[in-house]
Amino acid sequence: MATIQAFLDELRTPATKSTYRAGIYSFLDWKYGRVRADRKVSPKEGRRYEELAARYLKARGNYAEDLRKYAASMQNLPPKTAGIRMTGIKEFFVFNNLDLSEKDLRQIRKRMPQGGARTIEKDLDHNALQTILMHADIKEKALILSLASSGMRIGEVLQLRISDVNLDAEPAIVMIRQEITKTRRQRITFLSREAVAALKEWLKIRPAYLESAKNRNAGLIKWGIGGPKSKEDLRIFPFAGHVAQAAWRTTVGNAGLSSYDESTGRHQLHYHQLRKFFRSQLALACPADIVEALMGHEGYLTQAYRRYTREQMAEFYQKAEGLVTIHVSTKDISRLETEVKKEMRNQQEVIAALSVQNQQMRSELKEYQERQNAILQKFIKDPNGKWWKD
């Protein structure tokens, strides 16, 4: 009988661990009553969840029936949230050799809330980001600009080491290690000069931040609700995801842009929209397969790396960098978009002309090959004939 922690230790990424842990806790809350007093679970509450998990597994009850009822209880949740919670507890059951039949799984799926995403998100544009950055400290500013100009996931950025980034390259290059990516495939991306400047300023005060965090954490350790902070933390941003999320919400709130979806109660502005901002902006001036590869979309990685060298990808990024730079005027953005689109049209015209020439050459080559083949057939039939004089 495996514990929750033993199950989580087998998982690869912090994001997956956090998601599955939340799914298990939610199921146990449904089964036995809510344990946690807040979103963040204390060590004492974590131990209580372990006790409840052991109790549940030992009871050997009707797991399939419980999951059907649990699925039905989540009708008021967004479908994606309900799906994530169900996945966490199902995987925990599988880890403990509690396999469900295909019939059980079908019945569970029927009871799950249907539909797509329910939270209506707000778009992040240059103006909104400029307002948000006015209220961000240097740590948050460096994080936001890094996300907006690189297309990285928040979980990837928070695991980057200082050695993963070359801030002196043009453009600055980020090597995203395979162990921290969602696809488990190493890739590269780039940073804007604006993000580099913010990162350099953040790195100047990072040692002081680590020392301060270590001192602040002493009280939490004393009360058993925190772990020790290391001054040897090699990450660029040496803090947890929930700390980053809290900083984002505070900054967005101070900027007067906080808003919530009426049906789900969820925030309508979040870090993931910086990734969407990157894609929508860079795609205006950069081939789609390069944009998708920089973002780590698996279907495009091999394709892009085969078609383009790293230098070519960097060159395309530099041409489009202004579109993922926040502190530029709307007029400059429009001008840059116009220039880039004009250049892309010119390139497309050149490609079209080359395609026509290529087709003509193929046609001429085919005619030549047919004539040569006809001559060869005549020679085979009558090597000593007079046909060659024709």
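Quick notes on this structure:
- Extension gain, residue 188 to residue 246: 0.36 nm times the residue separation minus the Cα-Cα distance gives 18.1 nm.
- Taking segment 128-328 and dividing mean pair separation by its residue count, relative contact order in percent (alpha carbons under 8 Å, at least six apart): 29 percent
- Cβ-based exposure ranking for 112, 152, 134, in which fewest neighbours within 10 Å come first: 134, 112, 152
- Formal net charge of residues neighbouring residue 179 (Cβ-Cβ distance under 12 Å; K, R +1; D, E -1): +4
- In the chain, the longest principal axis of the Cα atoms and the axis of helix 310-320 are about 80 degrees apart.
- Computed over the chain, relative contact order equals 16 percent, with contacts defined as Cα pairs under 8 Å that lie 6+ residues apart.
- Rg over Rh, two decimals, segment 128-328 (C-alpha only, Kirkwood Rh): 0.98
- Stokes-Einstein D in µm²/s, Kirkwood radius over Cα pairs - segment 4-111 at 20 °C with 1.002 mPa s viscosity: 151 µm²/s
- Between residue 371 and residue 163, full extension at 0.36 nm per residue minus the direct alpha carbon distance yields a gain of 68.6 nm.
- For a straight C-alpha distance cut-off of 14 angstrom, the aspartates and glutamates reachable from residue 69 (same-chain residues fewer than eight places away being disregarded) are 29, 104.
- Placed amide H near residue 161: partners under 5 Å, 5+ positions off or other chain: 236
- Helix 193-222 and the longest principal axis of the Cα set of the chain meet at an angle near 20°.
- Helix 63-73 vs. the chain, principal-axis angle (Cα, 0 to 90°, nearest 10): 90 degrees
- Between the labelled values (1) 38, 23, 20; (2) 51, 33, 21; (3) 36, 23, 21, the entry that holds semi-axes √(5λ) of the Cα gyration tensor in Å as derived from this structure is (2).
Read the figures in this text as sums done on the coordinates, not as results from a lab. This structure is a prediction, so every number in the text was calculated from the model and none was measured. Cβ coordinates were reconstructed from backbone atoms using ideal geometry, including for glycine residues, and neighbour counts include every protein chain displayed.
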